[in-house]
Amino acid sequence: MASLESTRLKTESRTRWLLISPAMLVVIIGAIAPLLVIVIFSFLTPGPTGGVNFTPSFDAWTRVLFDRDLFDDTLTLSGTNLEILLRSLTLSLATTFLCLLVGFPTAYFIATRNPLNREVWLLLVTVPFWTNLLIRTFAIQDLIRNEGIINTLLLKAGLISAPIQILFTNFAICLGLVYVYLPLMILPVYASLERLDRNLLEAASDLYARPFKVLWEVIVPLSKPGIIAGSILVFIPSIGTYVTPILLGGGRNLMIGNYIELQFGQGRDWPFGSAISLTLMGIVMVALLIYIRHGDTRGHEHG
Amino acid sequence: MTGEITPGVAIRLKKVTKTYGSGNGTVAAVKSTTLDIFKNEFFTLLGPSGCGKTTLLRLIGGFEYPTTGTILLDGQDIASVPPFRRPINTVFQNYALFPHMTVAENIGFGLRMLKRSRDEIAARVDEMLKLVRLEHLSGRRTAQISGGQQQRVALARALASEPKVLLLDESLSALDYKLRKEMQMELKSLQAATGITFIFVTHDQEEALTMSDRVAVLSSGEIMQVGTPHEVYNRPANRFVANFVGETNFLQGRGLNPDARGTMIDLQGIGAVAIPTKDTVAPGALVNIVVRPEHLRISPLSQEPATQLTGSVKTVSFCGPETQYTVELSNGSGLLLVRKYNTPDENPSIAVGDQVSVKFTPNTAQVLPG
Ligand SMILES: Nc1ncnc2c1ncn2[C@@H]1O[C@H](COP(=O)(O)OP(=O)(O)O)[C@@H](O)[C@H]1O
Ligand SMILES: [Mg+2]
């Protein structure tokens with residue numbers, strides 16, 4: 001009996017491994033192997049025309065935070081690198097926050113329409129995805145440049161006397177990122193709002209909660225899974241974004257994605273590029289951990 | 001606000017109507033309803049599904065606004081006051097407990113919204129937990145407790161802020177039979193202990209009769225009768241009430257000239273019977289005689305010819321304390337339901353197919369217009 005049972009379990013587990021092996025293979029080839037390559041590269045020295053020399057070194061990692069003085073080899077905190085890291089973090093956090101600020105009401109609006117209209121609104125939210133990202137970004141460029149529609153209208157209306165510089169600012173990058181990633185916030189938040197039991201809102205209102213309190217005490221805590229998912233979906237791609245800072249930041253306001261590209265391209269410093277890539281990954285992971293942990297405890301104590 | 005204080009009246013509905021939708025697809029969920037609900041009363045809205053009970057309750061709770069008419073709470077017009085400003089709380093049919101809060105946090109929610117002090121809230125929550133006997137569960141999430149316990153949390157939550165009126169929408173329907181019986185008693189004693197006006201909605205007539213001080217029977221958005229359970233059961237105002245509240249036999253009859261014994265009815269198959277009535281019955285008018293199954297006496301057919309109904313037994317069902325018989329009347333006027341209390345030593349002496357006679361005492365019967 002027992003041996004029969006254990007043979008059955010053995011076959012079962014063998015079948016299970018066989019079944020998931022294709023997926024495992026994809027994960028190994030597609031994710032783990034490239035990551036390993038990058039980790040190894042980050043501990044080597046740059047080759048003369050790109051690529052790497054197989055001489056182990058911590059130099060790339062040191063340079064993530066420090067500048068090495070050309071003459072006496074002393075290390076000073078690297079202003080540029082820190083600025084780029086900080087700007088990336090600030091811009092992507094701001095983008096996430098703005099997406100939430102705009103996306104939550106939008107998702108709430110859609111979730112409270114009747115089912116037929118909901119589908120139309122959801123379709124409309126995804127419409128921007130149908131157009132290429134580059135074209136959409138160029139369109140924004142055209143809207144906000146000094147001779148663009150916005151400045152022209154404001155000038156004509158007499159609200160300003162000289163065009164406002166919007167293009168090539170951090171604000172322009174943020175605007176572009178919010179525009180691009182907003183649907184990624186709206187959709188998961190909508191999904192959790194749509195499942196919200198309307199009775200709970202009435203119960204809160206019945207128990208003396210004013211509309212704002214209903215929102216803060218019931219709707220927001222219960223849609224937290226959607227808010228967390230949406231924030232992650234917006235934060236990760238926006239911190240590593242590449243196209244938007246180039247087109248809307250004008251190359252002056254680099255973000256970490258552009259900096260990485262620079263190392264692998266013109267800079268010909270693959271180890272340094274690898275080290276910054278891994279730094280970016282580290283930042284994202286730490287941010288996520290803090291965010292999810294914080295969101296969780298908040299939910300428990302607030303209840 | 002129109003002041004109109006009538007002592008003893010908690011809720012007054014004046015010609016309240018509620019129509020859903022607009023254009024062609026309108027539904028008159030509540031037709032012109034006028035009703036007083038007294039302070040410290042256990043009042044029940046009873047009616048079949050779709051008759052407008054929930055709508056009436058939601059109007060009182062403030063979740064719907066009346067199409068026309070006024071709703072007064074302690075003499076103040078509250079028809080357009082939002083729910084969060086009404087000292088009226090609701091126990092929702094599905095409980096609607098906040099899943100992200102513990103039992104204690106649920107119970108304290110209303111007080112927290114009323115900005116009471118932490119100490120006061122904590123003390124009151126403890127008091128409520130004791131009242132519904134859930135002290136040991138105060139830290140649990142609402143998903144981790146049973147249906148009956150959720151029910152009691154919902155009750156405690158609604159009572160914590162000491163509302164003037166408590167609304168309960170089919171609150172016990174989701175519970176199994178035994179638990180429901182238990183909660184009925186518990187609700188009733190809670191109402192007596194707190195002195196809060198309870199407005200209870202149910203489609204279960206037995207529940208309504210057991211628990212209420214007064215019952216309003218509703219049909220398609222209209223109140224058919226308001227009265228004590230006793231009045232509604234024993235003196236139904238019309239055929240709908242007679243039929244909906246308890247099981248009933250209807251016998252066809254025709255008015256005769258009244259004599260010294262009172263109103264005389266010519267009962268099909270029996271002849272002239274004197275039945276006490278409130279209103280006079282015109283001679284020749286068609287009437288329904290309402291007789292409850294437990295007021296009928298069944299016995300094997302004897303040879304006495306006098307005033308009795310005869311028929312043959314169609315079904316016999318033993319229900320524990322009683323046995324129910326259906327009897328096909330030999331005068332062709334249909335089936336009679338008869339209920340007979342069982343005694344432990346008695347063997348059922350009447351079987352399917354037996355010829356029986358069925359009698360009733362005239363003053364247990366009720367005359368309704370035909
Ligand atoms: N929100 C609504 N919109 C349209 N019709 C409704 C709505 N709510 C209830 N009704 C209709 O009003 C009538 C009464 O409903 P309800 O008050 O829920 O009855 P009950 O609680 O007695 O079952 C029903 O015909 C129902 O279909
Ligand atoms: Mg209902």
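Restricted to helices (runs of 4 or more DSSP H) entirely inside segment A:200-267, those with at least 3 residues that are over 30 Å from B:LEU97 (Cβ atoms) are A:224-239, A:243-248, A:256-264.
Can you find even one residue in segment B:348-360 that is without any contact (Cβ under 8 Å) to a residue 40 or more places away in the chain, among the polar types (S, T, N, Q) and farther than 30 Å from B:PRO283 by Cα? Scanning segment B:348-360 turns up no residue that is without any contact (Cβ under 8 Å) to a residue 40 or more places away in the chain, among the polar types (S, T, N, Q) and farther than 30 Å from B:PRO283 by Cα.
Right, A:LEU93: of a type in the set (A, V, I, L, M), closer than 20 Å to A:ILE227 by Cβ and surrounded by 12 or more Cβ atoms within 10 Å (Cβ to Cβ) or not? Working first, answer last.
On the way: of a type in the set (A, V, I, L, M): yes; closer than 20 Å to A:ILE227 by Cβ: yes; surrounded by 12 or more Cβ atoms within 10 Å (Cβ to Cβ): yes.
Considered against the rule, which asks whether it is of a type in the set (A, V, I, L, M), closer than 20 Å to A:ILE227 by Cβ and surrounded by 12 or more Cβ atoms within 10 Å (Cβ to Cβ), A:LEU93 comes out as yes.
The set of residues from segment B:15-56 being out of contact with any Lys or Arg (no Cβ under 9 Å at 6 or more places or on another chain), away from ligand 1 (no atom under 12 Å from the Cβ) and farther than 19 Å from B:GLN225 by Cβ comprises B:GLY23, B:ASN24, B:ASN40.
The set of residues from segment A:202-258 being small (Gly, Ala, Ser) and more than 8 Å from every other protein chain (Cβ to nearest Cβ) comprises A:SER223, A:GLY226, A:ALA229, A:GLY230, A:SER231, A:SER238, A:GLY240, A:GLY249, A:GLY250, A:GLY251, A:GLY257.
Candidates are the residues of segment B:157-174 that are among the aliphatic types (A, V, I, L, M) and in a loop (DSSP other than H, G, I, E, B); the one that is nearest to the other protein chains (Cβ to nearest Cβ) is B:ALA160.
Could we say that B:LYS188 is at negative phi, without any contact (Cβ under 8 Å) to a residue 24 or more places away in the chain, under 19 Å from the mean Cα position of the chain (by Cα) and surrounded by fewer than 20 Cβ atoms within 10 Å (Cβ to Cβ) here? Walk me through it before giving the result.
Details: at negative phi: yes; without any contact (Cβ under 8 Å) to a residue 24 or more places away in the chain: no; under 19 Å from the mean Cα position of the chain (by Cα): yes; surrounded by fewer than 20 Cβ atoms within 10 Å (Cβ to Cβ): yes.
No: the conditions fail for B:LYS188.
Do we have A:ARG118 as more than 21 Å from A:ALA287 (Cβ to Cβ) and of a type in the set (D, E, K, R) here? Yes; evaluated as a whole, the condition is true for this residue. Condition test on B:ALA29, is it under 22 Å from the mean Cα position of the chain (by Cα) and either within 16 Å of ligand 2 (Cβ to nearest atom) or crowded, with 22+ Cβ neighbours inside 10 Å (or both)? The answer is yes for B:ALA29. Of all residues in segment B:55-95, those satisfying the criterion of being modelled with pLDDT under 95, polar (S, T, N, Q) and within 26 Å of B:GLN149 (Cα to Cα) are B:GLN93, B:ASN94.
The residues listed here are B:SER189, B:SER212, B:SER219; of these, the one that is in contact with a Cys (Cβ under 6 Å, 6 or more places away or on another chain) and either modelled with pLDDT of 90 or more or assigned by TED's automatic domain parsing to the domain that holds B:VAL132 (or both) is B:SER219. Got a number for residues in segment A:32-56 being at pLDDT 90 or above and small (Gly, Ala, Ser)? The qualifying residues number 2.
The values are calculated or read from the model by the stated rules, or taken from the named source; none is laboratory data. Note that this is a predicted model, so its numbers are computed, not measured. FYI the Cβ positions are ideal-geometry reconstructions off the backbone, even for glycines, and counts take in every protein chain you see.
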